[in-house]
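The values are calculated or read from the model by the stated rules, or taken from the named source; none is laboratory data. Predicted model only: the values in this text are computed from it and were never measured. Here the Cβ positions follow ideal geometry from the backbone for every residue, glycine too, while neighbour counts run over all protein chains shown.
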Amino acid sequence: MEQYPDSIVINVNSDATQDSNGNWVAVTGGTYTLDCRIEPNGAGRKIAGNDGILMDFAFNCYLPKMATIIPTGSAFIVTSLNNGTVNGNVKRASNGQLNSRLWL
């Protein structure tokens, strides 16, 4: 069993963004190709946006821990073993202690 059987390509624009504390962070633009695992949001959970309004998301995407900041709104294409090809924009990103996570 492989921990990260899927693949995601993220196109990051070079605009500055704000982190969760409201501080401006410069983002280096580019395209990233990463191994990942996506899981459908089968329970209909929602996440809060920067303005506090709840929004839907279709997938959780788990990645090995990374230091790269993926800004909200970055375009992605996922090639998934179980879910085919999925594309859209990142709704939230988090670089945690053990792994990184995207809400798609």
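For the structure I just gave you, tell me whether Ser100 is modelled with pLDDT of 90 or more and among the hydroxyl-bearing types (Ser, Thr, Tyr). The answer is yes for Ser100. When segment 74-104 is filtered for residues that are over 9 Å from the mean Cα position of the chain (by Cα) and loosely packed, with under 13 Cβ neighbours inside 10 Å, the ones remaining, listed by number, are Leu81, Asn82, Gly84, Thr85, Asn87, Gly96, Gln97, Leu98.
Could you identify the single residue in Gly88, Gly44, Gly29 that is in contact with a Ser or Thr (Cβ under 6 Å, 6 or more places away or on another chain), without any contact (Cβ under 8 Å) to a residue 60 or more places away in the chain and of a type in the set (Gly, Ala, Ser)?
Of the residues listed, the single one that is in contact with a Ser or Thr (Cβ under 6 Å, 6 or more places away or on another chain), without any contact (Cβ under 8 Å) to a residue 60 or more places away in the chain and of a type in the set (Gly, Ala, Ser) is Gly29.
For segment 49-73, filtering for residues that are among the hydrophobic types (A, V, I, L, M, F, W, C) and exposed (fewer than 12 other Cβ atoms within 10 Å of the Cβ) leaves 3.
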